[in-house]
Amino acid sequence: MTNTPRWIAAAALLGLAASATASQASDDTGNEASTWQHHQVKLNYFGFTSAYSCDGLEGKVGMILKYFGARDPKVQANGCPRGPNSISHSAWIDVQFDTLAAAAADAPPAAIVQARWTPIQLNAQHPFFMGGGDCELIDAMKPMLIANFSLRNLSYRAACTPHEITLLDFKVDGEVLKSTAEHPG
């Protein structure tokens, strides 16, 4: 009979417990238990190169948030000098939306949403609603996206040059936690 030191036995038990917890958070299909988190953010857009109408800015920001997996984004842009359809190089944007985060161990079962890490790619040509003039907007949105979404393997580059538009001035790659119900696959 061998005597196993207590610290080795304790470490083995802790490893088994961690393994069981990880298997509860992520099942065999790669789904992860998550919960919705609500966010309210104020964003200031100022662009030398691109001008948007307040309506256009609301639409573009809303599409980007939905692409990242946000639920129910509400976007309100203000500061367009001659109304919501007038073009401006600056605006203040109030945003409310929900994103997924890993479920806490004590999360109520009714709040659990199955989610999966989903690849994202954002550049001047992808997805279809993005364009070469969106670099300054992507740069302005960076703190909001990084702080409020569950992201991993993120590469976020926005090298905007005032008064110049190129197809390679911004690129965002990585993975975001998205609901499997809304984004199957």
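Across segment 121-132, what is the number of residues that are touching a residue at least 12 places away in the same chain (Cβ under 8 Å) and surrounded by fewer than 19 Cβ atoms within 10 Å (Cβ to Cβ)? Final tally of qualifying residues: 6. Scan segment 126-170 for residues that are over 23 Å from HIS38 (Cβ atoms), part of a loop (DSSP other than H, G, I, E, B) and small (Gly, Ala, Ser) and the total you get is 2. Looking only at segment 49-92, residues that are closer than 28 Å to LEU151 by Cβ, part of a loop (DSSP other than H, G, I, E, B) and touching a helix residue (DSSP H, G or I) at 6+ places or on another chain (Cβ under 9 Å) come to 4 in all.
If I filter segment 171-185 down to residues being assigned to a loop (DSSP other than H, G, I, E, B), surrounded by fewer than 17 Cβ atoms within 10 Å (Cβ to Cβ) and not aliphatic (A, V, I, L, M), which single residue comes out as modelled with the lowest pLDDT?
Step one: of segment 171-185, the residues assigned to a loop (DSSP other than H, G, I, E, B) are 180-185.
Checking the rest, the ones that are also surrounded by fewer than 17 Cβ atoms within 10 Å (Cβ to Cβ) come to 181-185.
Narrowing further to those that are not aliphatic (A, V, I, L, M): 182-185.
On the way: GLU182: 67, HIS183: 50, PRO184: 47, GLY185: 43.
Here the residue is GLY185.
Checking every residue in segment 81-91 against the condition of being on the phi < 0 side of the Ramachandran plot and within 17 Å of the chain's Cα centre (by Cα) gives zero matches.
PRO73 passes every criterion in (1) at pLDDT 95 or above; (2) surrounded by fewer than 18 Cβ atoms within 10 Å (Cβ to Cβ) apart from (2).
Taking the criterion of being without any contact (Cβ under 8 Å) to a residue 24 or more places away in the chain and over 21 Å from ALA124 (Cα atoms), would at least one residue in segment 162-184 satisfy it? Reasoning before the result, please.
Quick first cut of segment 162-184, residues without any contact (Cβ under 8 Å) to a residue 24 or more places away in the chain only: 184.
Okay, now just the ones that are also over 21 Å from ALA124 (Cα atoms), so 184.
Yes - at least one qualifying residue is present in segment 162-184.
LYS42 passes all but one of (1) closer than 19 Å to PRO143 by Cβ; (2) among the basic types (Lys, Arg); (3) surrounded by 20 or more Cβ atoms within 10 Å (Cβ to Cβ); which number fails? If we test LYS42 against (1) closer than 19 Å to PRO143 by Cβ; (2) among the basic types (Lys, Arg); (3) surrounded by 20 or more Cβ atoms within 10 Å (Cβ to Cβ), just (3) comes out false. Could you list, in sequence order, all residues of segment 143-170 that are surrounded by 18 or more Cβ atoms within 10 Å (Cβ to Cβ) and either among the β-branched types (Val, Ile, Thr) or over 17 Å from the mean Cα position of the chain (by Cα) (or both)? Selection gives CYS160, ASP169. Listed conditions (1) free of Cβ contacts under 8 Å to residues at least 60 places away in the same chain; (2) over 30 Å from ALA181 (Cα atoms) are all met by GLY47, apart from (1).
The values are calculated or read from the model by the stated rules, or taken from the named source; none is laboratory data. On a predicted model such as this, the values are computed, not experimentally measured, just so you know. Heads up, the Cβs are rebuilt from the backbone with ideal geometry, glycines too, and the neighbour counts pull from every protein chain shown.
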